[in-house]
1. Non-local amide H neighbours of A196 (under 5 Å, H modeled in plane, Pro and chain starts lacking H): which ones?
2. May I ask you to evaluate 6.51 cos²θ - 1.76 cosθ + 1.60, the Karplus curve with θ = phi - 60°, for each residue of the range 113-128 and list the ³J(HN,Hα) values in order in whole Hz, giving x for glycine and proline?
3. Between S195 and A171, what is 0.36 nm times their sequence separation minus the Cα-Cα distance? Round to one decimal in nm.
4. Pull out a ≥ b ≥ c, the square roots of the eigenvalues of the alpha-carbon gyration tensor of the range 109-212, then state rounded if a/c is under 1.5, prolate if not and a/b is larger than b/c, and oblate in the remaining case.
5. Which far-off residues, 5 or more places away or on another chain, put their amide H under 5 Å from the one on I138, with H placed in the peptide plane?
6. If amide hydrogens are placed 1.01 Å from N in the peptide plane, which non-local residues have theirs closer than 5 Å to the one on L25?
7. Arranged from highest to lowest average of other beta-carbon atoms within 10 Å per residue, in what order do the peptides 158-171, 3-16 appear?
8. Spelling out what I want: for every residue of the range 197-206, take phi, set θ = phi - 60°, compute 6.51 cos²θ - 1.76 cosθ + 1.60 (Karplus), and round to whole Hz; glycine and proline get x.
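Every number here is computed from the coordinates shown, using simple stated rules; none is lab data. Worth saying up front: this structure is predicted, and the values here are computed from it rather than measured. Here the Cβ positions follow ideal geometry from the backbone for every residue, glycine too, while neighbour counts run over all protein chains shown.
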Amino acid sequence: MCGRYKLSTPGDELWEHFDLHGEQLPLVPRYNIAPTQPIAVMRAPHALELVRWGLPMTNRKAGGFNVRVESLAAPMYREAIRQRRCLILADGFYEWRAEGKHKQPFLLERGDRQPFAFAGIWAELLLPNGELTPAAAILTTTPRGVAAQVHDRMPVILPAEFQSRWLDPNARYKELLAPDADALQLIPISNLVNSAQNDDPRVIEPITLESD
């Protein structure tokens, strides 16, 4: 699962890293992005836009912010995985490891702190005012590398060489779903991340875990 993540890379670096074109969006550093909030997404090559995090779901309790890769063949996702793929830009994400009655949060980010892209799908969401707006979900899979130490799922991080193919509806998606986990490092952080209201650099400050 991926229920919180961050994107604090400056806009000019994002534009260069992902070869974005056009006027830069006024992005602010985000350290604790939560479901239903606006997220930075590429639905087409070289183009960045903000969409809602969370697909429309018939069961409102389902959330719609993550989709398991094992579920992509289901009728409700079949059209999206073929025709409505997207890149969701990030530079870190959070997971919690159960330690007795306590859940210890961790930041997972690349060792070089470079941004990356989650594999995503999108759909149109009908707002209460009758307008349609795009909404997206992060695909999750079996964890690899350090991610396996903290959770039984992880987001699909696309290798750079797969990103353009992911946006190509003619590319076979099943060949692109192995997560790029080798560069990730695991950083214990404080419980500040537990509240989405805490959205500043304090969230990612490392802490020292007490040894047994």
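1. Amide H neighbours of A196, under 5 Å, 5+ apart: none.
2. For the range 113-128, the Karplus-derived couplings read 6, 6, x, 8, 10, 7, 6, x, 10, 9, 8, 7, 10, 8, 7, x Hz, x marking Gly and Pro.
3. My answer for the length gained is 4.8 nm.
4. Oblate.
5. Under 5 Å from the amide H of I138: N66, V67.
6. Distant-sequence amide H within range of L25: zero hits.
7. My ranking of the peptides, most packed first, is 3-16, 158-171.
8. 3J(HN,Hα) across the range 197-206, in whole Hz: 6, 8, 9, 8, x, 4, 4, 9, 5, x.
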